[in-house]
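The values are calculated or read from the model by the stated rules, or taken from the named source; none is laboratory data. Being a predicted model, the structure only gives us computed values, none of them experimental. Cβ atoms come from the backbone with ideal geometry, glycine included; neighbour counts cover every protein chain shown. Note: areas computed on protein heavy atoms with side chains; ligands, DNA, RNA excluded. Shrake-Rupley method; radii C 1.70, N 1.55, O 1.52, S 1.80 Å.
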Amino acid sequence: VLVGEATGGAANPGRPFDIGGGFSVFVSTGSPVSPITGRNWEGTGVRPQVEVESSEALGRAQELALAQLLEDGKGGEAARWALEALRNRAPAPDAATRQALAGEYGTVRIEALADGLQLRVGRRPPQRLRALEGGLFHFESDPTRRVRFDRGAGGVPVAVELLWADGDIARHVRGPAQE
């Protein structure tokens, strides 16, 4: 399945030929024919089956591939989570929510940024978090990893849970790491 915009329509190969006096002329040396349409695409390009702006093509192609995997009964929970992340339109949490969620959760640190949250574990590179519906977050770099905040009385976060698509959960209680 082709996803994106129509190609430029440059089908006919060729090359410049020297005609003397410092001039050259480009001459077509071939004219391919599509075995599917029986026609040449010079000037018209190849039209995709799914037309979207080129800037959206990769995400749309990934979405279509994941949806097909799930329809075929393959990919499991990881594919479902990745598809949910691609289709996600949940807004980033507001500044007050970001500040409330930020803090130390044992060896995990949640940091409030100007436009979102990030998770740090020790000296590992920070992982930017993207909001999902229902108070969940996913790692921007890996949509098959999720983060859930456990809120206690009054809605105050008491723990953070790191979730994997295979069902594993790592729970980290709020407060400094115990030595």
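Figures for the structure shown
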{"quantity": "Single match in GLU84, GLU53, GLU71 (criterion: within 25 Å of GLY167 (Cβ to Cβ) and surrounded by fewer than 16 Cβ atoms within 10 Å (Cβ to Cβ))", "calculated": "GLU71"}
{"quantity": "In region 87-127, residue surrounded by the most Cβ atoms within 10 Å (Cβ to Cβ) [restricted to those that are more than 20 Å from the chain's Cα centre (by Cα) and assigned to a loop (DSSP other than H, G, I, E, B)]", "calculated": "ALA102"}
{"quantity": "Failed item, numbered, when THR97 is tested on (1) out of contact with any strand residue (DSSP E or B) (no Cβ under 8 Å at 6 or more places or on another chain); (2) farther than 17 Å from ALA131 by Cα; (3) of a type in the set (Val, Ile, Thr)", "calculated": "(2)"}
{"quantity": "Residue count for region 146-179, restricted to those that are charged (D, E, K, R), out of contact with any Lys or Arg (no Cβ under 7 Å at 6 or more places or on another chain) and under 15 Å from ILE110 (Cα atoms)", "calculated": "6"}
{"quantity": "Condition broken by SER31, with the remaining ones in (1) open to solvent by less than 90 Å² (accessible area, probe 1.4 Å); (2) outside any helix (DSSP H, G or I); (3) within 22 Å of ARG146 (Cβ to Cβ) satisfied", "calculated": "(3)"}
{"quantity": "Pick from region 1-21, criterion surrounded by fewer than 13 Cβ atoms within 10 Å (Cβ to Cβ) and among the charged types (D, E, K, R), ranking: nearest to VAL46 (Cα to Cα)", "calculated": "ARG15"}
{"quantity": "Test: residue in region 39-55 that is part of a loop (DSSP other than H, G, I, E, B), among the polar types (S, T, N, Q) and in contact with a helix residue (DSSP H, G or I) (Cβ under 8 Å, 6 or more places away or on another chain)", "calculated": "no"}
{"quantity": "Search result, residues across region 151-173 that are among the charged types (D, E, K, R), closer than 21 Å to ALA100 by Cα and modelled with pLDDT of 95 or more", "calculated": "GLU161, ARG171"}
{"quantity": "Given (1) free of Cβ contacts under 8 Å to residues at least 24 places away in the same chain; (2) in contact with a strand residue (DSSP E or B) (Cβ under 8 Å, 6 or more places away or on another chain); (3) within 24 Å of GLU84 (Cβ to Cβ); (4) not aromatic (Phe, Trp, Tyr), index of the condition VAL27 fails", "calculated": "(3)"}
